[in-house]
Amino acid sequence: MPDGGDTGSKASTSSRTPASSWSSSSAQEISRMVQQYKIPLILLYYGFCSSTLIVINKVAVHNLRAPVFILITQLLFAATTVKGLNVFGVLEAEKLQWSLVRPFLLIVAGFLGTLFANIKVLVYSNVETFITFRSSTPLVLSVFDYIFLGRELPGGRSIFSILLLVASCGGYTYFDKGFKLEAYTWLCVWYVFFLFEACYVKHVCDTVKMTNWGRVYYTNFLSALALLLAFPFCSSEHQVLKNSEFSNGQVALLLLSCSVGVCMSHAGYLMRSNVSATAGVVVGVVCKIGSIVLNLLIWSNHASPIQLLFLAMGLAGGSLFQQAPLREKQQPKLPLAVQDMHADADGVSTSAAAYKATAALHATRPRPPSR
C-alpha cells in the first residue's frame, strides 16, 4: 500500500508538471510578445488619439467659439479623472510635491502655449494647413536632438525624408488661396512653443522619474490652474458663453473632446518616454493621415486637390524617417591583451563595466622591479 500511494503521488506530480510548465512558458511568451510589439502598440495608440483629437477640437471650436473655455474644461476633466482613478487604486499617479512641480513649470508654459496657439490656428485656418506646418518641425528637432538630447544627426534617408516634409510645407503654403495673416501669425507662435515643449518634455521624461499617469496629472492640473487665473481677462469668451445655450450636441461634443484629450495626454507621454523627440514628432505627422480622412468626410472647409497632393508628399516623406541612435560615450582604451582576455565567443568585447573592472585589476597588479 505505501508503494502504491507513492506511485499515485508521483503520477499526480508528473501530471501537474507539464501544465505548470506550459503555463509558465505561455506567460513568458506573452511577455516576450508584449515587449516585442510595445513600441508599435504605443505608436498606434498615439496615432489614433492624435488623428481624431485635432478634428474633434476643430468641430468643437466651430460650434462653441470659446477656445480657452474648451481648454480649461479638457484640462480639468483630465486632472480630475486621473486623480479619481488614483484614489480608487485603478492607476498610480504621484501626489503634488514641490520637487516634482518645479520641473513641470516650464512644461506647463510650453504645453499651454502650444495648446492655445493650436486652438487659435484652427479658428483661422483649416486642418490641413496646421498639419502641413507641423510636418516641417522634424527638421529643427533633429538638430535639437543632437545638441541637447545626445542623439546622432539623422542619416541620408532621414534627411531626404525631412526635405520632402519641408517641400510639402512650402508647396502647400504657396497654393493656399485662403491665406489669412492671423492664421500664419498663430502658426509661427505655435511653432516656437511646440519645438520648446517637444525637447523639454523629452528631457524631463528622461531625467525625472515618474509614472506616465503622474505626468498627465501634473501637466493638466497645473495648466488648468494657470488658465483659470487668465480666464477672467478673456472678456470676448464671457460674452460667447453668455449667449450659448449649451445644447445636448454641444455638451456631448465637449465631453468627447475631454475624453480623447485624456487619452492623448497619456499617449503623448508614453510615446516620448520610449522614442526620441524627432521620431515622436514624425510619427505624429504621419498619423495625421487619419485626421485628413476624417476631415474630408465630415468637414467642407478643406484644402484644394493640389494642396492635398503636397500634403501626401509630406506624409510619404515622414514615413521614410528613421530614428537616429544615441551617441556612444567614448570608453578608455585598454591594452589589447586585456581586451582579448574579455571577449566573448563571437569576438565581441564585454560591457564597459567589465572593462573598467579589468582595468582596475590591471592597474593594481604588482609590477616587476626596475633594473
* For segment 203-274 versus segment 77-138, the gap between their alpha-carbon centres in whole angstrom -> 6 Å
* For Arg151, residues with placed amide H under 5 Å, excluding near neighbours -> Tyr146, Arg327
* Under the classification rounded if a/c is under 1.5, otherwise prolate if a/b is larger than b/c and oblate if not, where does segment 38-319 fall, given a ≥ b ≥ c as square roots of the Cα gyration tensor eigenvalues? -> oblate
* Structure fact -> Of the listed pairs Lys83/Lys202; Lys83/Lys209; Lys83/Lys120, those with alpha carbons more than 26 Å apart are Lys83/Lys120
* Hey, what did segment 111-253 get for relative contact order, percent, Cα under 8 Å, at least 6 apart? -> 36 percent
* **Vicinal HN-Hα couplings computed from phi for segment 152-159 (Karplus, 6.51 cos²θ - 1.76 cosθ + 1.60; Hz; Gly/Pro x)** => 6, 5, x, x, x, 5, 6, 5
* Could you list the GluC sites (Glu not before Pro) in segment 180-286 that lie in coil according to DSSP, counting only those with at most 14 other Cβ atoms within 10 Å of their Cβ? => Glu245
* Structure fact -> Burial-style ranking of 81-91, 55-65, average other-beta-carbon count within 10 Å with highest first, yields 55-65, 81-91
* Structure fact -> So the FRET efficiency between Ser25 and Leu256, C-beta based with R0 = 35 Å and rounded to 0.05, is 0.25
* Asked: By its C-alpha gyration tensor, with a ≥ b ≥ c as the square roots of the eigenvalues, how is segment 84-159 shaped: rounded for a/c under 1.5, else prolate for a/b larger than b/c, else oblate?
  -> oblate
* Rounded to the nearest 0.05, what FRET efficiency do Glu94 and Phe233 have when you use their Cβ-Cβ distance and R0 = 25 Å? -> 0.20
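Only the coordinates and a few stated rules stand behind these numbers; no lab work does. Bear in mind that the values here come from a model prediction, so they are computed numbers and not experimental data. Cβ coordinates were reconstructed from backbone atoms using ideal geometry, including for glycine residues, and neighbour counts include every protein chain displayed.
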